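Remarks on the structure that follows.
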Amino acid sequence: MTDTDRTTSDATAAAREAAAKVTDAATRATDEVRGAATDAAKHADDAAKHADDAVSETRDAAAAAASAAASAVSGAVDDAKATVDDMVGGLKSAAAQAKDAGAEALDATQAQAQQAYRTGREFVDDGVGYVQARYRENPGLVIAVGAAAVLALTLVIRSFGRRRN
């Protein structure tokens, strides 16, 4: 293998490896965001179920109070008030859980996006450093490889344009 082929192979391998790593990081970030969103939706669904149960309990307590004697009315009102207070507390708790889950999902997403950016930036910096080192060794070769890459990219773009038409 000639030195030119080895340099081109090294550059190609480095670019493919960088692209694979960025793709893997983005895939992991997407999966974690999807999981966090699923968890948040599950918490919201659980909160809605708890609220429905609390409303059903309140309805049952009100029906029992209506059928009781007049002397039991004040006790039934106190029970209904306690049930409503419990329901309000339950709703507040469910809302706080949903808020916390959303905040956690946002924090996780932000951290993953920052990590993906840092990883991508490192790969780009490594690739630029590699190209600069090769340019110092043989500037003509690097310019020729760059021109060939631009030409290849142009041909690929044209071929896509022709297939659409």
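The values are calculated or read from the model by the stated rules, or taken from the named source; none is laboratory data. Being a predicted model, the structure only gives us computed values, none of them experimental. We place every Cβ from the backbone using ideal geometry, glycine too, and count neighbours over all the protein chains shown.
Scanning the range 124-165 for residues that are closer than 22 Å to Ala19 by Cα and not in a helix (DSSP H, G or I) turns up nothing. Taking the criterion of being at pLDDT 70 or above, assigned to a helix (DSSP H, G or I) and either farther than 27 Å from Ala116 by Cβ or touching an Asp or Glu at 6+ places or on another chain (Cβ under 7 Å) (or both), would at least one residue in the range 59-69 satisfy it? Checked the range 59-69: at least one residue is at pLDDT 70 or above, assigned to a helix (DSSP H, G or I) and either farther than 27 Å from Ala116 by Cβ or touching an Asp or Glu at 6+ places or on another chain (Cβ under 7 Å) (or both).
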